[in-house]
Amino acid sequence: MLKEYVKVETHLNQSLEQRRLRPGTLIAWFEIALIGLGLLGNFFLLQHVMWWPDGGFRFEALSELITRGKIPDTKYSLVMPLFSIPFWTLDKVGQTFWWTTHYNVFVFGAGLLVTYRLLKDHIDRGLLRKFFLLLTVASMFSHHLLFYFGEVFTAIFVAVGCIAIVVGPVTVGWCAIILGVVNTPATIIGLILLGTKHMLANKRMRYALVIIIGAALIMLEAWIRRGSPFASGYAGEQVARTIMPYSGRPGFSYPIFFGLSSLLLSFGKGIFFFAPGLLLPIRQTLRKVKSATKVDLFAIYTLWIGFLVGLLLIYSCYWSWHGGWFWGPRYLLFASIPASFALAVRLRWRDASLWMNIVIILVLCLSIWVGIEGAVYADDALRNVCAPTWQGNELLCYYAPEFSALWYPFVVYQPLSSGQILYLLYSLFIGIYLLIPLLITTRHQLITTARERGWTRLNLRF
């Protein structure tokens, strides 16, 4: 009897021990909850608007197609609007834009879910959670989710497609990439570089077909909607002439040197300010953990970078390289994906040198501020400075640091709503949560370095 009692008690204790949540599990659920709160906060606490002409034209084109059966000849692709038909239907019932203006939050959330499904069995899930947190709170997505624009759709479909062509299913991945590119035809240059890189890495010429299919679908849509496969819808654009020497030229006529320099380094539009994670080297780290992750993460990262380089090359030549009156580098939203991933890698494996960790701290702080500024402050206050004088003063918002969207809240006080304050506090909490482990590591490195290089050389003793 005593032996049986001991066996039963041991079995019960083992069962209770198995049911008990481990610290790692608690942290995982906590971080998942934080990601969910970020999406809900953006959805309910922040103001989402139907901004004309871009978002409004997309909505009107979809309305014309559904209600009148007429194919619109607007310059914007119908790919993204067609996917938003359920949201359009809900809005038509209530005579509002509410669901449609929140559409991109669903696209973004679905992108995170699919990415998790594709990678959860291949890589460290802690890395995935940090990546999602940074994308949600510390990237340009926090601002772009507030509008019914096409950049979110393209960025998510291409990014998820790049993951799928590495880990599978390959065909679905290429289809997603093609859809994202057709939604924004100018990104065909990004597809060419992405496809070429993948073709050379795998030594398979068949991947050239993807580029051909993407270009063919872009031309087919133009042919159906505008009567010619070469009619982009941008012909005859009226471009304002300003003090800038190359203004007033339509199309892709801007000197690439000046456009590229501005897209990289300008205070109001430069991606090194809005996506600083791009500056972090991660190749060696990913090579070290390749066997543990079971997938070549660096291959995915280089596909993303290849697509981004294509965007930089094409939009550097565009007369509206700046994206017009829009917060940050509008056409380079995709840069947030490799930037957030690089920062997540550095936060997950904190084995860098002291000076590199200091750089990572600065990059993380700037990234958190980008997310906060884009979601909470944006460029509302700057409208009074630049928008009314479209013939000249908007240049201040592109180049002058005092009028950059990132820094203007420090120049002029801007009152916030209760929802914005709550989202601001949430973002600060995420920033502190991600920063503390790195600060602890850096503190230890500072103490060790001081002892080795400072106190030893000065011959100091406690």
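The values are calculated or read from the model by the stated rules, or taken from the named source; none is laboratory data. Since the structure is predicted, the reported quantities are computational estimates derived from the model, not experimental observations. Heads up, the Cβs are rebuilt from the backbone with ideal geometry, glycines too, and the neighbour counts pull from every protein chain shown.
For residues in segment 326-361 being small (G, A, S) and more than 21 Å from T184 (Cβ to Cβ), which is surrounded by the fewest Cβ atoms within 10 Å (Cβ to Cβ)?
S353
Could you say which residue among G306, G248, G323, G268 is over 26 Å from L191 (Cβ atoms) and surrounded by fewer than 22 Cβ atoms within 10 Å (Cβ to Cβ)? Full working, then the answer.
Numbers: G306 fails: over 26 Å from L191 (Cβ atoms); G323 fails: over 26 Å from L191 (Cβ atoms); G268 fails: surrounded by fewer than 22 Cβ atoms within 10 Å (Cβ to Cβ).
So the residue among G306, G248, G323, G268 that is over 26 Å from L191 (Cβ atoms) and surrounded by fewer than 22 Cβ atoms within 10 Å (Cβ to Cβ) is G248.
The rows are residues; the columns are (1) of a type in the set (S, T, N, Q); (2) within 16 Å of the chain's Cα centre (by Cα); (3) assigned to a helix (DSSP H, G or I).
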{"position": "L82", "(1), (2), (3)": "no, no, yes"}
{"position": "P86", "(1), (2), (3)": "no, no, yes"}
{"position": "I123", "(1), (2), (3)": "no, no, no"}
{"position": "F132", "(1), (2), (3)": "no, yes, yes"}
{"position": "C162", "(1), (2), (3)": "no, yes, yes"}
{"position": "L179", "(1), (2), (3)": "no, no, yes"}
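Can you tell me which residue is surrounded by the most Cβ atoms within 10 Å (Cβ to Cβ) among those in segment 186-242 that are among the hydroxyl-bearing types (S, T, Y) and either assigned to a helix (DSSP H, G or I) or in contact with a strand residue (DSSP E or B) (Cβ under 7 Å, 6 or more places away or on another chain) (or both)?
T187
Which residues, counting only those in segment 219-252, are touching a residue at least 40 places away in the same chain (Cβ under 8 Å) and among the polar types (S, T, N, Q)?
S232, T242, S247, listed by residue number.
Take segment 289-331 and flag every residue that is farther than 23 Å from F274 by Cβ, free of Cβ contacts under 8 Å to residues at least 24 places away in the same chain and not aromatic (F, W, Y). Steps first, answer last, please.
Of the residues in segment 289-331, the ones farther than 23 Å from F274 by Cβ are 289-299.
Adding the requirement that they be free of Cβ contacts under 8 Å to residues at least 24 places away in the same chain leaves 290-291, 298.
Correct list: K290, S291.
Are any residues in segment 247-282 in a loop (DSSP other than H, G, I, E, B), under 29 Å from E373 (Cβ atoms) and not β-branched (V, I, T), and if so, which ones?
S247, Y254, S266, F267, G268, K269, G270, A275, L280, P281
Quickly run through segment 63-85 and pick out the residues that are in contact (Cβ under 8 Å) with a residue 12 or more places away in the chain and more than 18 Å from P185 (Cβ to Cβ).
If the condition is that a residue be in contact (Cβ under 8 Å) with a residue 12 or more places away in the chain and more than 18 Å from P185 (Cβ to Cβ), then S63, L65, I66, S84, I85 are the ones that fit.
Report yes if I66 is outside any helix (DSSP H, G or I), over 24 Å from the mean Cα position of the chain (by Cα) and among the β-branched types (V, I, T), otherwise no.
no
For segment 134-160, give me the residue count where each residue is aromatic (F, W, Y), outside any loop (DSSP other than H, G, I, E, B) and under 25 Å from L424 (Cα atoms).
Taking segment 134-160 and keeping what is aromatic (F, W, Y), we get 141, 147-149, 153, 157.
Now drop any that are not outside any loop (DSSP other than H, G, I, E, B), which leaves 141, 147, 153, 157.
Still in the list and also under 25 Å from L424 (Cα atoms): 141, 147.
Number satisfying all stated conditions: 2.
On the given criteria, is R330 under 16 Å from the mean Cα position of the chain (by Cα), of a type in the set (K, R) and on the phi < 0 side of the Ramachandran plot?
Spelling it out, R330 is indeed under 16 Å from the mean Cα position of the chain (by Cα), of a type in the set (K, R) and on the phi < 0 side of the Ramachandran plot.
Does segment 112-121 hold any residues that are touching a Leu at 6+ places or on another chain (Cβ under 9 Å) and either touching a residue at least 40 places away in the same chain (Cβ under 8 Å) or not in a helix (DSSP H, G or I) (or both), and which are they?
Of everything in segment 112-121, those that are touching a Leu at 6+ places or on another chain (Cβ under 9 Å) and either touching a residue at least 40 places away in the same chain (Cβ under 8 Å) or not in a helix (DSSP H, G or I) (or both) turn out to be L112, T115, L119, K120.
Residue by residue through segment 253-264, note down the ones that are touching a residue at least 60 places away in the same chain (Cβ under 8 Å) and among the hydroxyl-bearing types (S, T, Y).
S253, Y254, S262
Of these, T302, T285, which one is more than 21 Å from the chain's Cα centre (by Cα), within 19 Å of V345 (Cα to Cα) and part of a helix (DSSP H, G or I)?
T285
For segment 367-378, state whether one or more residues are in contact with a His (Cβ under 8 Å, 6 or more places away or on another chain), at pLDDT below 90 and among the hydrophobic types (A, V, I, L, M, F, W, C).
Yes, segment 367-378 contains a residue that is in contact with a His (Cβ under 8 Å, 6 or more places away or on another chain), at pLDDT below 90 and among the hydrophobic types (A, V, I, L, M, F, W, C).
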